[in-house]
Amino acid sequence: MKKLRSEKNTFVLMDAPYRLLQVLKDIGDIFGTTRRLSVAFNVTMDDEKIVRGVADELRIYFEKENAKGEFVIVVEQLQK
């Protein structure tokens, strides 16, 4: 994950469903509030859900939400 710190382009991450909170914590530790994220759950399914924000906001949201299922995280490009 630390290797992505200098990545300037938008990138996508996938991990095991039970690791969402840890991945968001790691992203927050590395990027702080410099990059916004989109977390998409159950893409292409009836209960698809997309949530946007910075890593710390999303981690707090998902601690309360207790979301289950497959997820994809899209990290925005580095702003100039």
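Read-outs throughout are calculated quantities, based only on the coordinates presented, and are distinct from any laboratory measurement. Computed from a prediction, not measured in an experiment: that's the story for all the values here. Cβ placement follows ideal geometry from the backbone for every residue including glycine, while neighbour counts extend to all protein chains displayed.
Kindly list, by first and then second residue, each pair from a residue in region 5-26 that is under 16 Å from D56 (Cα atoms) and in contact (Cβ under 8 Å) with a residue 12 or more places away in the chain to a residue that is charged (D, E, K, R) and not in a helix (DSSP H, G or I), limited to pairs with Cβ atoms under 7 Å and residues at least 6 apart or on different chains. Pairs found: V23/D15.
Among residues of region 29-45 being among the aliphatic types (A, V, I, L, M) and under 22 Å from S6 (Cα atoms), the one that is surrounded by the fewest Cβ atoms within 10 Å (Cβ to Cβ) is I30. Annotation: E48 fulfils all but one of (1) charged (D, E, K, R); (2) loosely packed, with under 14 Cβ neighbours inside 10 Å; (3) in contact with a strand residue (DSSP E or B) (Cβ under 6 Å, 6 or more places away or on another chain); the unmet one is (3). Selection over region 1-46 of residues that are within 14 Å of F71 (Cα to Cα), among the aliphatic types (A, V, I, L, M) and more than 10 Å from the chain's Cα centre (by Cα) gives a count of 3.
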